[in-house]
Amino acid sequence: MRKQHHETLLGCALTDAFTALVAVVAKGRWGGAALDIVTGGLPGAGCQYAQQRGKVLRRGKVLACLRPVSITLQETLLDPPCCVQLRLHWRLEPTELGACVRLDARYLLNGAASLRRRHWDERIHGHCARMLDALNSSVRQTKET
């Protein structure tokens, strides 16, 4: 199993960071259809989703959603003939200046994906970086309004 660790500091309260995190995670997965972000709805453990983006089919489920400290997802990325088993765990921790968001990605490359290890390492790294950038942008926009 391969691992990646990413983190960012947010200058907001832990609860605000968690609300923004749920919105960012939902956008690329269940698109807000499975829960109501505005009313503070949260995905429940076992909630399943599927999304097609280009050739890649992302199927996953929520393993845990503990307000306001963590979200854990288990996903399968299918890009025939490649298959990637991915586990994403976001953990929020309070700091003096706001919140620290840690994102751990653990993944297993199956079949042809193992022959394209560098490609998948870079794609997963890029995805995690984009998620944290989107989270930072979301928090900044919320502060400005």
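The values are calculated or read from the model by the stated rules, or taken from the named source; none is laboratory data. Since the model is a prediction, treat every value here as computed from it, not as a measurement. Backbone-built Cβ (ideal geometry, glycine too); neighbour counts: all protein chains shown. For accessibility, only protein heavy atoms count, side chains too; no ligands or nucleic acids. Shrake-Rupley method; radii C 1.70, N 1.55, O 1.52, S 1.80 Å.
Please list, ordered by first then second residue, the pairs with beta carbon atoms under 8 Å, 6 or more apart or interchain, first in the stretch 118-136 and in contact (Cβ under 8 Å) with a residue 40 or more places away in the chain, second in a helix (DSSP H, G or I) and open to solvent by 30 Å² or more (accessible area, probe 1.4 Å). That search, which allows pairs on different chains as well, returns Ala134/Lys27.
Yes or no: the stretch 69-84 includes at least one residue that is in contact with an Asp or Glu (Cβ under 9 Å, 6 or more places away or on another chain) and under 21 Å from Ser137 (Cβ atoms). The answer is no; no qualifying residue exists. The listed residues are Gly98, Gly126, and the only one of them that is more than 16 Å from the chain's Cα centre (by Cα), open to solvent by less than 80 Å² (accessible area, probe 1.4 Å) and not basic (Lys, Arg) turns out to be Gly98.
If you go through the stretch 1-18 and keep only what is assigned to a strand (DSSP E or B) and open to solvent by 40 Å² or more (accessible area, probe 1.4 Å), you end up with Arg2, Lys3, His5, Glu7, Leu9.
Does at least one position in the stretch 62-70 carry a residue that is touching a strand residue (DSSP E or B) at 6+ places or on another chain (Cβ under 7 Å), of a type outside the set (Val, Ile, Thr) and open to solvent by 60 Å² or more (accessible area, probe 1.4 Å)? Talk me through it step by step, then tell me what you get.
Filtering the stretch 62-70 down to residues touching a strand residue (DSSP E or B) at 6+ places or on another chain (Cβ under 7 Å) leaves 62-65, 68-70.
If we keep only those that are of a type outside the set (Val, Ile, Thr) as well, we get 63-65, 68, 70.
Of the ones still in play, those that are also open to solvent by 60 Å² or more (accessible area, probe 1.4 Å) are none.
No, the stretch 62-70 has no match at all.
Can you tell me which of Gly46, Gly54, Gly28 is surrounded by 13 or more Cβ atoms within 10 Å (Cβ to Cβ) and either free of Cβ contacts under 8 Å to residues at least 60 places away in the same chain or under 29 Å from Glu144 (Cβ atoms) (or both)? Even if it seems obvious, please write down each step before you answer.
Working: Gly46 fails: surrounded by 13 or more Cβ atoms within 10 Å (Cβ to Cβ); Gly54 fails: surrounded by 13 or more Cβ atoms within 10 Å (Cβ to Cβ).
Every option except Gly28 fails the conditions.
Listed here are the residues, each with its yes/no results for (1) among the aromatic types (Phe, Trp, Tyr); (2) touching a helix residue (DSSP H, G or I) at 6+ places or on another chain (Cβ under 8 Å); (3) open to solvent by 40 Å² or more (accessible area, probe 1.4 Å).
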site: Leu73; (1), (2), (3): no, yes, no
site: Arg91; (1), (2), (3): no, no, yes
site: Arg102; (1), (2), (3): no, no, yes
site: Ala112; (1), (2), (3): no, no, no
